[in-house]
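Below: one structure, written as structure tokens.
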Ligand SMILES: Nc1ncnc2c1ncn2[C@@H]1O[C@H](COP(=O)(O)OP(=O)(O)OP(=O)(O)O)[C@@H](O)[C@H]1O
Ligand SMILES: [Mg+2]
């Protein structure tokens, strides 16, 4: 196992220098919930980066701040202090409207709890990011049906999420996160409801997306069966990045 100092990983050649190779660069980000004695320090001066062309995993115990960090990177959660750049866009200095536009075009998010819209069919759920970006409904739904086939759900596009198993719903959420071809896909436990075979298929798909030019995939997971898909692994503990593993296959 190779470990790098979490604050010093830009020195191994791919971090900065000429041009910006960071997909995500988080500097000293702090996020608290609540006030006074009830204050919860979800993120404590977090230093984190993810690079173009990599699939980066984040691991750590329940409550250590993984989902909070993903939400900050996705621009869905504000933070108290620090800086967050995503593909060169400084989220800490953009307006809420600009962050929403940026997210719609550039980020796909697979939520821990899927967040499918129960009254829409699976294909309609998948086409939402395309409709937000102005695509015509018929074209968007055709694309959605194609992607549902890619994730192993051929013929289920006209069903409702409630007619699917948990693992199948998770795959609808995965299709929705990638349908608009975002630069950054952020996944909160994307294989938690999947068996080994389907989990591996999804990870192969995410790996191939991560390696396309100018892309990046960040995966939070508790699932050791998929660790070998990571290019690097960031370990969080108690609101901090504790370690970065450069060779997660040895974990
Ligand atoms: N909206 C909120 N209000 C108050 N506290 C919160 C809120 N969201 C998260 N927290 C707290 O912040 C800390 C980090 O939570 P977070 O959801 O980021 O953990 P996690 O690492 O994703 O855990 P898990 O592996 O269980 O999903 C926890 O102590 C949690 O209780
Ligand atoms: Mg979480």
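Within region 160-182, track down each residue that is in contact with a strand residue (DSSP E or B) (Cβ under 9 Å, 6 or more places away or on another chain) and surrounded by fewer than 19 Cβ atoms within 10 Å (Cβ to Cβ).
First, the residues of region 160-182 that are in contact with a strand residue (DSSP E or B) (Cβ under 9 Å, 6 or more places away or on another chain): 170, 173-174, 176-182.
The one that is in contact with a strand residue (DSSP E or B) (Cβ under 9 Å, 6 or more places away or on another chain) and surrounded by fewer than 19 Cβ atoms within 10 Å (Cβ to Cβ): 181.
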Q: Could you list all residues from region 174-195 that are within 16 Å of ligand 1 (Cβ to nearest atom) and out of contact with any helix residue (DSSP H, G or I) (no Cβ under 8 Å at 6 or more places or on another chain)?
A: 189
Q | Among (1) surrounded by fewer than 20 Cβ atoms within 10 Å (Cβ to Cβ); (2) closer than 25 Å to residue 82 by Cβ - the single one residue 207 does not satisfy | A | (2)
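Condition check ((1) outside any strand (DSSP E or B); (2) modelled with pLDDT of 95 or more) across all residues:
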residue: 182; (1), (2): yes, yes
residue: 192; (1), (2): yes, no
residue: 205; (1), (2): yes, no
residue: 214; (1), (2): yes, no
residue: 217; (1), (2): no, yes
residue: 235; (1), (2): no, yes
residue: 242; (1), (2): no, yes
(Q) If the requirement is being more than 21 Å from the chain's Cα centre (by Cα) and within 20 Å of residue 212 (Cα to Cα), which of these qualifies: 137, 143? (A) 143
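Would you list the strands (runs of 3 or more DSSP E) that sit entirely within region 46-134 and hold 3 or more residues that are within 16 Å of ligand 2 (Cβ to nearest atom) and either within 21 Å of residue 211 (Cβ to Cβ) or under 16 Å from the mean Cα position of the chain (by Cα) (or both)? Spell out how you get there, then give the answer.
Values: elements: 55-59, 81-86, 107-110.
In region 46-134, the matching strands (runs of 3 or more DSSP E) lie at 55-59.
Condition check ((1) surrounded by fewer than 16 Cβ atoms within 10 Å (Cβ to Cβ); (2) more than 20 Å from residue 219 (Cα to Cα); (3) within 16 Å of ligand 1 (Cβ to nearest atom); (4) modelled with pLDDT of 95 or more) across all residues:
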residue: 15; (1), (2), (3), (4): yes, no, no, no
residue: 21; (1), (2), (3), (4): no, no, no, no
residue: 34; (1), (2), (3), (4): yes, yes, yes, no
residue: 45; (1), (2), (3), (4): yes, yes, yes, yes
residue: 50; (1), (2), (3), (4): no, no, no, yes
residue: 61; (1), (2), (3), (4): yes, no, yes, yes
residue: 65; (1), (2), (3), (4): no, no, yes, yes
residue: 69; (1), (2), (3), (4): no, no, yes, yes
residue: 83; (1), (2), (3), (4): yes, yes, no, yes
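The values are calculated or read from the model by the stated rules, or taken from the named source; none is laboratory data. Keep in mind that this is a model prediction, so the values were computed, not measured. A quick note on method: Cβ atoms are made from the backbone with ideal geometry, for glycine too, and the neighbour counts reach across all protein chains shown.
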